[in-house]
Each structure stands twice: as structure tokens, then as C-alpha cells.
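Encoded as C-alpha cells, the structure appears first; notes follow it.
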Amino acid sequence: MHPAFSVVFLTTLIGAGQGLFLALFTVESYAAFGLLPAQADSFYAIGSAIATILLVLGLFASFFHLGHPERAWRAAAKWRTSWLSREVIALPAFMGTVFLYGVAHWFGINPVLAELPSGAPVNITAVLGTLGTVLAFALYICTAMIYACLRFLREWHTPLTVINYILLGGASGFTLAAALAATEAPDVMPLLASWALIITVLGLIGRAATLIRNARLKPKSTLQTAIGIKHPKIVQKAMGMMGGAFNTREFFHGQSAALLRSLKWVFLLTAFVIPIGLLSLGLSLAAGGTLLLAFVVQYLGLLAERWFFFAQANHPQNLYYQSVA
Amino acid sequence: MTQLALVIDLNVCVGCHACVTNCKEWNTSGPAGPMVDQNPYDKDPTGTFFNRVQTFEVGEFPNTETVHFPKSCLHCEEPPCVPVCPTGASYKRKEDGIVLVDYDKCIGCKYCSWACPYGAREIDEHQRVMKKCTLCVDRIYDTTMTADERRPACVRACPTSARLFGDIHDPDSEVSKAIRENGGYALMPEWGTQPANHYLPRRKTNIRIREDELERADNPLKIDSQLPKPGKAEPSLDDVTSW
């Protein structure tokens, strides 16, 4: 497939935003049960603001993917059948929840609504945070299922796609949260950096598993099934056009196989290996700058990872365009 | 239930691209607006087409066959492009099974084209909506036309009658008979999309002339006489003309 930068930015930015919010609410939940000291409201408010900015930037990027952005509101119509439609609903719902969560913390509007039997208070931010957590996971699943549900794009049609979207978004979000905590809430920094390390390692395992799986895929469709002629030797002589078409532009990444191969190692290093090193370093030195660098490197790595994710998918329609393939 | 479809006879198609040209002409002139052409008279001309003819060489030299392969939307009975559309712009008509795009609802997200394994959908770079074969839905129900004209433009243009049009759910239709009797098949059956359009395979074409086709053996009205058979001793043509 041809990787569209709008979608590459959309999926990586909102992934990080979701991860950041999950990290914030993880801290609040730990604190609510007395496992961590309570943190200043400003930590949650600033974190929510950054998460909202990431989500808005992602949404903004997604509009560049549309031929008619002014009709985007129509995309909420078919949520019964379309994962894209579900994403279009989940993204603003999540964005709004994160915004309200941040507002509640910033202005300190946080009355206790109820109490758990254990005595832990249930306040507005806890309710918003729980709702946001559910929506964050729903959004991860919607985003990933857009790709995973296309059964003949076999590189994507695997539960690993959903797992990776959750893990990679979570890893970048927790890394960013750790960098934020280094200045805003130093005593939760070790917790967040440790979780970031764990999720990054899990992400590396998930992504490597996908790479191994995809390297072993055997195509289901062949030129023989595509045109229904059973002869083993078929050569395409004409594609039916001279200057290319949508079919030759949209479904091919247009780069060399060597670039694709090297990019694989580039993203394995920058999205996982280097951030793991930087996170460990930042954790031991309690250095916010190192953690921030870990996030920047990891985000750039995830951009490469997402580009590779799209480029690697081989659409069966390419069988009809052998001169490009 | 009706399912309109094309049946394309690969044994007859000569790859003349008349269907491509007539399709473009009809559909670019319709009420839905033109189908874009970019650099039409320049280097790398490109544009939106509903129908293309591709050419394949089957076999190894010198035993090769050239197969011309017209390719358009197959109007699948289980169209994978329809449920993925977030706006409902892409839909399959209940009454005749045609898969259509509502150009006023389409947001141009291209997701349906990703969901089509056949590459049958093309975005119009000018109108920025997804376009595809409509089976000439604006022709086939136009009662101001004669019955012969109420067929898709590609079918009417085909000089060798390689394209048949009809209801594949009606067992007595021309297309159903063609599929049944000439080994009609669907493309990429492995995905379960159940394409409505079918293709008829290449066949060995032989001419067999039987005795009774030269001389009417049954002679139903006893009017035909036997063809004259001169006796062995009679003078032959050679005897008459030789000198």
C-alpha cells in the first residue's frame, strides 16, 4: 500500500495521546488506593492538555486524507458495520473526555460522588478517567480493526495488529508521561518510566512476532486466480493504461525493497532498542531530558514503523498491475 | 431477487478497447459529472475509468496465447467494499444487485478501494470521490430508449459480442445459460466475495462438418433429391476439359 502521511501521523499521534492519558489515570488510580502519594492537580491538567493537543493534531492530520473533509460528519453514520465509522465516533468522544478530565483537575472541580466499600473516594475525575480508559481502549481497537478487518490484506489481518496498536501507542504515551512526571511529579516518575519500559519491551515482542509472521505468509491469491487461467506461466503485457492510474498509485509504496528492508531495522532500533536504553538511563539518573529524548526518538521510530506497516501490506489488486509490482 | 451482471467471454474478446472508450464516453457525459482526465494530450496521461482491458500472454514461446482481459467492478453478491464505508455512500441496491456510490455522500477516504481485492474502484482526482462501474444504471432503466439501447454502453460497443448483460439469478437468462453451458467462472473465488460478473474461459475452436450437414439425411418432406452422384464410368470434369 502507499503509506499516506495523514494516516501515519493520525495513528501515531492519537496512539501517543491515548497512552499518555492511560498513564495519567494509572497514577491517579494508584493514588486513589493509597499506593502512591497524591499528585498535584497540575500534573494531570498539563498531561491532559498535552494528550488533547496530540489528539487534535491527529484529527487535523486525518482531514488531509479525505477528499471532502467538509463531509466528514457523515462518517459517523455506519457504525454498525464500519470500523472507520466507529473510530470517527470514538475519537471525539475520547478527546472530549480527556479535555473534561483536564478541566476538572485544572480548576479543582472534583467533588466526591460516592465511596467504595474500601473507603476509597469516587470523585468526578475517577468517573471521567474510567470512562476515558474505556474509550482509549475502544479507540485503539477501532483504529487497529480498520486495518485488521480487511481479510485479504493478510499482513494486517491478524490479532497482532490490534495488540501492536495498543502496545506501541501505550509505549510512546507512557514514555511521554514519564518525561512529564520528571518535572511535574518526580515521585511517580520511576513508576511511569518502569511501565514505559515494560510496554516498550512487550511492543518489541509483539512487533517482532508480526514481522516473523508476515515473512512466512504465502499469498492466497495468484495471477491464476485473479484472471482465472490455470496456466503456470502468465506474463502481463498491458495494464490497460499508459500513464498509470489510481490503482498503480494508491497500492504501491514506490520505494525499493532494499529501503523497506533497512527501514525495518531502523524502526526496530529507534522505536524499541534505543528508547529502552534511554528509558533505563533516565530511570536510573532521574533525568527528565533523557526521558524526553526517549520519547522523541521513540515517536520518530513509530513514524517509521507505521510507514513500514502500510508499505508492507501487499494488496491482491496488485496482481492486475504486474508492471509496477 | 435480481442480480444484474456482465458475462465476459475471453474466448471472443479481441482487446480492441471499444468497451473502454464507449464506457468513458457515456459515463463522462452523464448527470454525475465528468470523469477526470489528467494530461490527456501530454506525457503520462491518466484519469478515471470504470473499465479497462488488460493483456496477458499465457504459456511459453512458441506455444503462447494472448488473452485480453476486460476488468471492471464485478458487482459482488457479498461486496466487501460496502460494509466498510463509514458514510453509507457505497451501497448495493436490493432490487437489482448493482453496487453504487452516492457521490454526494462520499467523503473520499478511499477505504472502500482498500477493501476491494479486485482494484475495481478509482478515485476521481477532480471530484475527489470514489467512482466505479454503475452497470450504466442511467441507461438500462431509461424508457425513452429502445429495448436494444437499454444495455450498458460497453455491451453495446463490443464488436465481437464478447460482453453479455443480464440477470444471473434468472436461470433462463442469456447470461445464466452462458455461465452454465460454457464453464463461466468468478475471479478470486478464495475471498468469498461471490462476484456477479463472470468470465467465460478460452476454448479450443474447431469446425466439425458432419455428412448430414452436406446432404440432408433426414429429408423431412421427401422433396430434396439425392445429390447427383455420377457413376464411375461416366466422364468426369477432367475428361471434358482436357485436351
What does the charge add up to near residue A:31, with Lys and Arg as +1, Asp and Glu as -1, over the other residues with Cβ less than 12 Å from its Cβ?
-3
In Å², and per residue, what accessible area does the range A:34-162 have when probed at 1.4 Å with the other protein chains present?
47 Å²
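Could you run the numbers on buried accessible area between A and B, total for both chains, 1.4 angstrom probe, in Å² to the nearest 100?
Working: alone 15950 and 15360 Å², together 26530 Å².
The buried area between A and B, both sides summed, comes to about 4800 Å².
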What is the Cα coordinate range of the protein assembly as shown on the first, second and third principal axes, sorted by size from largest, in whole angstrom?
126, 51, 51
At the level of C-alpha centres, the distance separating the range B:110-134 and the range A:75-100, in angstrom, is 24 Å
Which residues of the range A:241-271 end up with at least 40 Å² less accessible area in the presence of all protein chains than when their chain stands alone, using a 1.4 Å probe?
A:243, A:246, A:247, A:249, A:250
With a length cut of 20 Å (Cα positions projected on each helix's long axis) and a Kyte-Doolittle mean of at least 1.6, go through chain A and give me the DSSP H helices that pass.
A:41-63, A:124-148
Count the lysine pairs in the range B:91-190 that are 8 or more places apart or on different chains: how many have C-alpha atoms under 20 angstrom apart?
11
Of the accessible area of the range B:91-159, computed with a 1.4 Å probe and all protein chains kept, carbon and sulfur make up a percent value of 48 percent
With the Cα gyration tensor of chain B in hand, give its eigenvalues times 5 under a square root as the equivalent ellipsoid semi-axes, listed largest first in whole angstrom.
48, 22, 18
Count charges around residue B:24 for me, please; just the other residues with Cβ under 11 Å from its Cβ, Lys/Arg as +1, Asp/Glu as -1.
-1
How many angstrom lie between the Cα centre of the range A:157-191 and the Cα centre of the range A:217-237?
44 Å
Which aspartates and glutamates, if any, have their Cα less than 19 Å from the Cα of residue A:264, not counting same-chain residues under 8 positions apart?
A:155, A:305
Environment charge of residue B:131, counting only residues whose C-beta is closer than 11 Å and scoring Lys/Arg +1, Asp/Glu -1:
0
For the range A:69-205, what percent of Cα pairs sit more than 20 Å apart?
62 percent
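Count the DSSP beta bridges whose two residues both fall in chain B, then state the antiparallel fraction as a percent rounded to the nearest 5.
On the way: 23 of 26 bridges.
Around 90 percent antiparallel, to the nearest 5.
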Tell me, how many Å apart are the Cα centres for the range B:1-71 and for the range B:166-207?
19 Å
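The values are calculated or read from the model by the stated rules, or taken from the named source; none is laboratory data. Keep in mind the model is a prediction, meaning the values are calculated, not measured. Using ideal geometry, Cβ is built from the backbone for each residue, glycine included, and neighbour counts are taken over all protein chains shown. Note: accessible area is taken over every heavy atom of the protein model, side chains too, but ligands, DNA and RNA are not part of it. Shrake-Rupley method; radii C 1.70, N 1.55, O 1.52, S 1.80 Å.
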